[in-house]
Amino acid sequence: MVEDKELVNENEETMGEVEDFEALLSEYEQGGFGLKRNDVVEGTIVQVNPDSVVVDVGYKSEGVIPLREFADENGEINVNVGDVYDVLFGGGESDSGMIMLSKEKADRQKVWNSLEEDAVVEGKIISRIKGGLSVDIGVTAFLPGSQVDLRPVRNLDKVIGETYQFKIIKLNKRRGNIVLSRRVLLESERESQRSDTLETLAEEQVVEGIVKNLTDYGAFIDLGGIDGLLHITDMSWGRVKHPSDILAVGDKINVKVLKFDREKERVSLGLKQIAPDPWLNVQDKYPVESKVTGKVVSLTDYGAFIELEEGVEGLIHVSEMSWTKRVKHPNKVLSIGDEVESVVLALDSDNRRISLGLKQVEPNPWDVIGEKFPIGTIIEGQVKNITDFGIFVGVDEGIDGLVHISDLSWTKRIKHPSEIYKKGDVVKAVVLNIDRENERFSLGLKQLNSDPWETVPVRYAPSTIVKGQVTSVTDFGVFLELEEGIEGLIHVSELSKEKVESPKDFAAVGQELEAAVLQVDTADRKIALSIKNIDVQKEKAEVNEFMGAQKNATSNLGALLQGAMDRSQDDE
């Protein structure tokens, strides 16, 4: 019995020690203020200081909270004496002996207590972190990058500052981890919309959609849970180089359902089909020969496309750009964006083609050039171009006349026009011919003066002795210049009465020779000369002179004899 009493007394002492320890622990946790650590209590503001507020929580000592904890989203602080807030006891006291309280921790504690997995919460995306985004839902939560939207978001920065609904897909209160998903909610919403859309969608229906994605060939439009393709050719009746020219991701647009395969859930959409086809009345709006105004929208090697209105374009072929100039490329005349006036040349509404003319806006200068410059008119112009076959001289604006190499000089042998003329030279010429049909204007320079060959037969009659300078020596003879531009040929057989093996042994260029004219051919513009003939003429002259002297001597002797006979008769 004694042992049992001793054991009981020992147990009672032990229990007393435990109770004393628990009392001490409780007092420690309460900080001596009657509160437990992390308790949330209601407090009333009793004093507002420059950097803190004093709060009465109904215990023997008041608490203190940093003033910054009362700042709102904009950083503004609006707290007054008498305001009541839930605050959290953090344990311990300040240097002044006040309870250390926190409004922010109390707010977070309330949020944590209200959170449950699979719950839907609203939050604001506040920053980008590794693997995703940080979201403020009252406490900080993590939003993985793959859970931001239905499709991967390449630039996560663009959603920072946005407020959305999220679903809590993972919650660990002990570790303070929360994982959110916006994609789960969007998928659920999309599936609900998809069912409704599939039930109501029909061909020829005009529906509202959101541009979801752009490609080179078109745009995908979200019709509400189901995507439709708007091909680039169905975006506008006019020219569209790329879908981004008229659409942007996120745009709300009305489109027409062109085709709908309910089984495969494929939808073809049209934007231009909402408006009437502008080609239905082009014949009334743009009759042939009418003048129209439009904007240059495209240039090719063969012409320029002109937009007359949205969806209606006409082509100005490069050959229809100028009456007088040979346009090598349309960009020499027009630029994209130019407003131009043109004339409708032809219209094919079935094939959606309109042929336009730029030059037809002005009169064809070739129609009046003949009246302005009749044949025989002397004009003055600038040498615009030099070719192997002649020179082109500016006659009128856009019209050049050709002086053929054969019409440069009556007498000079010209190998190339550049020997005499250069670009920019101002010359006078005579209008020789105008070919309106082939648009050719012929001029002549030599025609300004009379043809010297017209008087050559008179000035160089056969047997005339002439002098000239050797200009060329060939195997068949020697060319002699008689005057500027007029030459004669002394054939090898006419160089001497004796046989000449080679003319080069007989004469040299620059040497002056005397010759006799044998023949003049004005048609071929040739003069045949002969040195040998001079000797023949000299011999004939000497013979004639001798015969004349003999005749005179005989005549004188006869006269003397006759005189003597007459005197003899008189004497008798």
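Annotation: of all residues in segment 97-125 being touching a residue at least 40 places away in the same chain (Cβ under 8 Å) and among the β-branched types (Val, Ile, Thr), the one that is farthest from Asp86 (Cα to Cα) is Val120. Checked across segment 462-479, the condition of being without any contact (Cβ under 8 Å) to a residue 24 or more places away in the chain and touching a Phe, Trp or Tyr at 6+ places or on another chain (Cβ under 8 Å) holds for no residue. Number of residues in segment 390-407 that are in a loop (DSSP other than H, G, I, E, B) and surrounded by 12 or more Cβ atoms within 10 Å (Cβ to Cβ) equals 1.
Residues are listed down the side, and each one gets a yes or a no for (1) basic (Lys, Arg); (2) within 26 Å of Arg353 (Cα to Cα):
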{"position": "Phe260", "(1), (2)": "no, no"}
{"position": "Lys264", "(1), (2)": "yes, no"}
{"position": "Ala275", "(1), (2)": "no, yes"}
{"position": "Ser298", "(1), (2)": "no, yes"}
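Taking segment 387-416 as the range and being touching a Phe, Trp or Tyr at 6+ places or on another chain (Cβ under 8 Å) and more than 30 Å from Glu487 (Cα to Cα) as the test, the residues that pass are Val395, Asp396, Gly398, Ile399, Asp400, Gly401. Please go through segment 462-507 and give me each residue that is of a type in the set (Gly, Ala, Ser) and under 11 Å from Ile527 (Cβ atoms), ordered by number. Of everything in segment 462-507, those that are of a type in the set (Gly, Ala, Ser) and under 11 Å from Ile527 (Cβ atoms) turn out to be Gly468, Gly488.
The residues in segment 408-418 that are more than 14 Å from Phe389 (Cβ to Cβ) and either surrounded by 12 or more Cβ atoms within 10 Å (Cβ to Cβ) or touching a residue at least 60 places away in the same chain (Cβ under 8 Å) (or both) can be counted, and the count is 4. Of Val135, Val139, Val148, all but one fail to be free of Cβ contacts under 8 Å to residues at least 40 places away in the same chain and closer than 27 Å to Val249 by Cα; the exception is Val148.
Among the residues of segment 239-277, those identified as crowded, with 17+ Cβ neighbours inside 10 Å and not hydrophobic (A, V, I, L, M, F, W, C) are Pro243, Lys256, Ser268, Gly270, Lys272. When we screen Asp107, Asp72, Asp83 for residues that are among the acidic types (Asp, Glu), over 26 Å from Lys212 (Cα atoms) and surrounded by 16 or more Cβ atoms within 10 Å (Cβ to Cβ), the only hit is Asp107.
Taking segment 148-184 as the range and being under 27 Å from Glu116 (Cβ atoms), among the basic types (Lys, Arg) and assigned to a helix (DSSP H, G or I) as the test, only Arg183 passes. For segment 133-147, taking the residues that are among the hydrophobic types (A, V, I, L, M, F, W, C) and in a loop (DSSP other than H, G, I, E, B), the one that is farthest from Glu104 (Cα to Cα) is identified as Ile137. Taken over segment 35-60, the residue count meeting the criterion of being touching a residue at least 60 places away in the same chain (Cβ under 8 Å) and in a loop (DSSP other than H, G, I, E, B) is 2. Remark: pairs (first residue in segment 209-220, under 19 Å from Arg194 (Cβ atoms) and assigned by TED's automatic domain parsing to the domain that holds Val257; second residue of a type in the set (Gly, Ala, Ser) and modelled with pLDDT of 90 or more; Cβ separation under 8 Å; 6+ apart in sequence or on different chains) = Gly209/Gly228; Val211/Ala219; Val211/Ala248; Lys212/Ala219; Asn213/Ala219; Phe220/Gly228.
The strands (runs of 3 or more DSSP E) found wholly in segment 268-341 and carrying at least 3 residues that are within 30 Å of Lys256 (Cα to Cα), within 17 Å of the chain's Cα centre (by Cα) and of a type outside the set (Phe, Trp, Tyr) occupy 291-299.
If you go through segment 185-223 and keep only what is in a helix (DSSP H, G or I) and within 17 Å of Ile253 (Cα to Cα), you end up with just Thr197.
Yes/no per residue for (1) farther than 30 Å from Ile306 by Cα; (2) among the acidic types (Asp, Glu); (3) free of Cβ contacts under 8 Å to residues at least 60 places away in the same chain:
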| position | (1), (2), (3) |
| --- | --- |
| Ser342 | no, no, yes |
| Arg352 | no, no, no |
| Leu358 | no, no, yes |
| Asn364 | no, no, yes |
| Glu371 | yes, yes, yes |
| Thr377 | yes, no, yes |
| Ile386 | yes, no, yes |
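The values are calculated or read from the model by the stated rules, or taken from the named source; none is laboratory data. Keep in mind it's a predicted model, so treat the numbers as computed, not measured. Every residue, glycine among them, receives a Cβ derived from its backbone with ideal geometry; neighbour counts consider all protein chains shown.
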